[in-house]
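Colleague: Below is a structure I'd like to ask you about.
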Amino acid sequence: MNGVHIILMGPPGGGKGTQAKLLQDRYNIAQLSTGDMLRAAVKAKTAVGLEAQTIMESGRLVSDDIVIRIISDRMKGEDCEKGFILDGFPRTLVQAEMLEKLLAEQQRTLDKVIEVRVPDEMLVQRIAGRFSCAQCGAGYHDVFQQPRVKGVCDFCGSTRFIRRADDNEKTVRSRLQAYHAQTAPLLPYYASKGLLRIIDGALSIEDVTENIEKAMAV
Ligand code: ADP
Ligand code: ADP
Ligand code: ZN
């Protein structure tokens, strides 16, 4: 199977979700966010959701088993025919190894691993101001990305917005710690395969998108 397969890596609040949505439209491929899938499971109170909830609220990583199970199911979806962007997966070495197996089984090849690099001190502000549309999930920020009309979603017109339970300063610290300890070690692995492209995620949303598109071509 050909198509486009991209991994987006970066710290919590680094802009992965924002860029994944834009890439999804650009390449007409699916955005697979394990964070979104886990939040949906929590909301639906499934067995997986009940198990994941307290871990997510503490800012630690959910077990590899759970995450691998939900992502491998999603990869079989019809919307993944032309490929996908992995947003927030893999986050551990075990997940990366499992991903390699899944890709090989489905005859998919990884095109690029994009690291959106953002200094730690910017992330608390990014996360503290983050909110999203309760209806369509579009992402916003109090300072950096307000809806065009205050209080109204640009995409669906809804006036209801939500903030994530784990978007508080205390949890952000442990999420960051988990990123540096468990996820960042994957970067040299992908660099050694020649797949890693590093993008300056401290720039504006538009500039980050432009630089990702340039990096996709080289
Ligand atoms: P992640 O998926 O990596 O956790 P998000 O895409 O949700 O991050 O971005 C975190 C917050 O920062 C959101 O509120 C988003 O609107 C905002 N944001 C994303 N990219 C940028 C950027 N380049 N500059 C300023 N704010 C940004
Ligand atoms: P962010 O990019 O802002 O950290 P996500 O929405 O990607 O947020 O993830 C939210 C939470 O969901 C994480 O803190 C973690 O508990 C859990 N999670 C998401 N993806 C994974 C994964 N691949 N492995 C383990 N836990 C995950
Ligand atoms: Zn909306």
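Colleague: Could you compute the net charge surrounding residue 141? Neighbours are other residues with a C-beta less than 12 Å from the C-beta of residue 141; K and R count +1, D and E count -1.
Modeller: +1
Colleague: When the Cα centres of the stretch 124-146 and the stretch 165-214 are compared, how far apart do they sit, in Å?
Modeller: Centre-to-centre (Cα) distance: 18 Å.
Colleague: Over all pairs of distinct alpha carbons, what does the Kirkwood formula give as the hydrodynamic radius of the stretch 61-176, in Å?
Modeller: 16.9
Colleague: Apply the Karplus parameterisation 6.51 cos²θ - 1.76 cosθ + 1.60, with θ equal to phi minus 60°, to every residue of the stretch 99-106 and state each ³J(HN,Hα) to the nearest whole Hz, in sequence, with x for glycine and proline.
Modeller: Taking θ as phi minus 60°, the curve returns 4, 4, 5, 4, 4, 4, 4, 9 Hz for the stretch 99-106.
Colleague: Can you tell me which of 40, 30, 96 moves the most in a GNM of the chain? Springs connect C-alpha atoms under 10 Å apart.
Modeller: 40
Colleague: Could you check what % of the DSSP bridge pairs in the chain are antiparallel, to the nearest 5?
Modeller: 30
Colleague: Let me ask something else about it. Viscosity 1.002 mPa s, temperature 20 °C: Stokes-Einstein D of the chain from its Kirkwood Cα radius, in µm² per second?
Modeller: 120
Colleague: Let me have the 222 nm mean residue ellipticity of the chain computed from DSSP H runs of 4+ only, each contributing -39500 (n - 2.57), with the sum over all residues rounded to the nearest 500.
Modeller: Result for the chain: -13500 deg cm²/dmol, rounded to the nearest 500.
Colleague: Using a probe of 1.4 angstrom, how much of the accessible area of the stretch 101-202 is carbon and sulfur, in percent?
Modeller: Carbon and sulfur together cover 53 percent of it.
Colleague: Just name one of 37, 218, 84: the one whose Cα is farthest towards the positive end of the charge dipole of the chain (beta-carbon charges, Lys/Arg +1, Asp/Glu -1).
Modeller: Going by the charge dipole, the pick is 37.
Colleague: Taking the simple approach of a point 7 Å from Cα along Cα-to-Cβ for both residue 54 and residue 142, what is their distance in nm?
Modeller: Simple spin-label model gives 3.0 nm for this pair.
Colleague: Moving on. Between residue 164 and residue 81, what length in nm is gained on full extension when 0.36 nm per residue of separation is reduced by their alpha carbon distance?
Modeller: Length gained between residue 164 and residue 81: 26.8 nm.
Colleague: Tell me, for the chain, which Cys residues have no other cysteine's C-beta sitting closer than 4.7 Å.
Modeller: Cysteines lacking a close Cβ partner in the chain: 80.
Colleague: Suppose every Lys and Arg Cβ carries +1 and every Asp and Glu Cβ carries -1, with no other charges. What dipole size does the chain come out with about its Cα centre, to the nearest 20 debye?
Modeller: 360
The values are calculated or read from the model by the stated rules, or taken from the named source; none is laboratory data. All figures in this text were calculated on a predicted structure; none of them were measured in a lab. Please note: Cβ atoms are built from the backbone with ideal geometry, for glycine as well, and neighbour counts cover all protein chains shown. Heads up: the accessible areas ignore ligands, DNA and RNA and are worked out on the full protein's heavy atoms, side chains in. Shrake-Rupley method; radii C 1.70, N 1.55, O 1.52, S 1.80 Å.
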